[in-house]
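In what follows, a structure is listed as structure tokens, so that the remarks can point back to it.
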Amino acid sequence: AQTIHQWPVAEIKAVGSPLSLGCTIKGKSSPNLYWYWQATGGTLQQLFYSITVGQVESVVQLNLSASRPKDDQFILSTEKLLLSHSGFYLCAWGTGGDEQYFGPGTRLTVL
Amino acid sequence: QQQVRQSPQSLTVWEGETAILNCSYEDSTFNYFPWYQQFPGEGPALLISIRSVSDKKEDGRFTIFFNKREKKLSLHITDSQPGDSATYFCAATSGGNYKPTFGKGTSLVVHP
């Protein structure tokens, strides 16, 4: 069975500080990987997707970047956090262009 | 431009009743429609999905009804249980484009 792990579970960071969030998928070879952002009580906004190692496509510009250093790993980062970056970050995986399965998420608070 | 609309924004039903959640879309190229269930503090879970070649999909107490001509679909939850209390998101995508569009969600509360 496939498992998806996100780290950290929660972060409290200062405005202007750097950020790195991670996601690991186990039990699935060459998955499609996705990053989403969700404001409290809001909808899901896709940020990035990756079909293969080393290739990442940006969907929206939010002063964030993503990388896929390994087949089973997806990293979301920024060098300088903004207040607007606060929210719930979700990693998801899929096997094609359709079904997507979400991880448990990382709660980010920027002060 | 909001391409996927959900209604109502919130819904309250009693245990045992049928909850009906609505979704509509604008893009005629959308052909895959998943519904996700999200509990507070958790990631969304894929609940049930339908492709545009079908007009109905059933999985236990959850049924999707799909009307391609009107670009509408609905999720029916029969015999609603308090454990069904969650936010439900309708999404839509054109197969293979990797970028689903999500609605704003319907918050369902089931009272015992």
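Key figures
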quantity: Flagged links, alpha-carbon separation over 30 Å, of A:Lys70/B:Lys68; B:Lys72/B:Lys99; A:Lys28/B:Lys68; A:Lys13/A:Lys70; calculated: A:Lys70/B:Lys68; A:Lys28/B:Lys68
quantity: FRET E, pair B:Glu70, B:His111, Förster distance 25 Å, beta-carbon r, rounded to 0.05; calculated: 0.20
quantity: Computed label-point distance, nm, for sites A:Gln55 and A:Thr40 using a 7 Å Cα→Cβ extension; calculated: 4.0 nm
quantity: Buried on assembly, region A:42-60 (at least 50 Å² less accessible surface than by itself, 1.4 Å probe); calculated: A:Thr43, A:Leu44
quantity: Calculated from backbone phi, Karplus (6.51, -1.76, 1.60) coupling profile of region B:38-50 in Hz, x at Gly/Pro; calculated: 10, 8, x, x, 10, x, x, 10, 5, 9, 6, 9, 9
quantity: Whole-angstrom gap from region B:54-112 to region A:53-83, using each part's C-alpha centre; calculated: 30 Å
quantity: Buried area at the B-A interface (accessible, heavy atoms, 1.4 Å probe, summed, Å²); calculated: 1600 Å²
quantity: Protein accessible area in region A:1-85, 1.4 Å probe - carbon and sulfur %; calculated: 53 percent
quantity: ³J(HN,Hα), Karplus 6.51/-1.76/1.60, whole Hz, each residue of region B:69-74, x for Gly, Pro; calculated: 4, 8, 6, 9, 8, 9
quantity: Per-residue HN-Hα couplings for region B:82-95 [Karplus 6.51, -1.76, 1.60; θ = phi - 60°; Hz; x = Gly/Pro]; calculated: x, x, 7, 4, 5, 9, 10, 10, 9, 10, 8, 8, 8, x
quantity: Accessible area of chain B belonging to carbon and sulfur atoms, whole % at 1.4 Å probe; calculated: 46 percent
quantity: Kirkwood hydrodynamic radius of region A:3-110, from inverse mean 1/r over distinct Cα pairs, in Å; calculated: 13.7 Å
quantity: Kirkwood Rh (inverse of mean 1/r, distinct Cα pairs), the protein assembly as shown, angstrom; calculated: 18.1 Å
quantity: Ordering of A:19-25, A:44-50 by burial proxy (mean other Cβ atoms within 10 Å per residue, highest first); calculated: A:44-50, A:19-25
quantity: For region A:22-41, residues shielded by at least 20 square angstrom of accessible area compared with the chain on its own, probe 1.4 Å; calculated: A:Tyr36, A:Gln38
quantity: Average accessible surface area per residue within region A:3-110, 1.4 Å rolling probe, Å²; calculated: 44 Å²
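The values are calculated or read from the model by the stated rules, or taken from the named source; none is laboratory data. It should be emphasised that the depicted structure is a prediction, and the values quoted were computed from it without experimental measurement. Glycine also receives a Cβ, built like all others from the backbone with ideal geometry; neighbour counts cover every protein chain displayed. To get the accessible areas, we keep the full protein, side chains included, count just its heavy atoms, and leave off ligands, DNA and RNA. Shrake-Rupley method; radii C 1.70, N 1.55, O 1.52, S 1.80 Å.
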